[in-house]
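Here is the structure we will look at, set down as structure tokens.
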Amino acid sequence: MHETSEPPSTNQQWSYLKKMLIENGLFWMLSESCRLIPSLSKRVSMLSAQSVPSVAESGYSHQLFATPRLVRFYEMEYSTLGKNARHDTGRLHQVYLRLQDFLDVRARLDPQGLFVNDYLARLFGIAVH
């Protein structure tokens, strides 16, 4: 992604339709297929990775990257953590090697905890004032 003086891409209706039908409808169908038949997961994953098109669009980032997601994601962290899917700071440190860097930046940018809710406070062990 680079700053450009190019005018915004044309054919925004097609882009929106593609994001709604393909990225949501087709993805939902593939996700549900894998949920119901787990043995399909590896093949669907490989197919999905190969099918991602390389697209050159120009415009404001909030219009290009903020797309509706109607498919519920079941995060991979749960499988990464093994059988115990309960998050705790120790396990998060194992999975995310730069967790402390994130926590330091968060503390510096939000020292009052304005953007921390009860769940995040428990998850990251953040003391809220």
Find the residue count for the stretch 98-111, including only residues that are surrounded by fewer than 11 Cβ atoms within 10 Å (Cβ to Cβ), at pLDDT 90 or above and not in a helix (DSSP H, G or I). 1
Among (1) modelled with pLDDT under 80; (2) farther than 30 Å from residue 127 by Cβ; (3) in a helix (DSSP H, G or I), residue 57 falls short only on (3)
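The values are calculated or read from the model by the stated rules, or taken from the named source; none is laboratory data. Keep in mind the model is a prediction, meaning the values are calculated, not measured. Cβ sites come from the backbone with ideal geometry, for glycine too, and all protein chains shown count toward neighbours.
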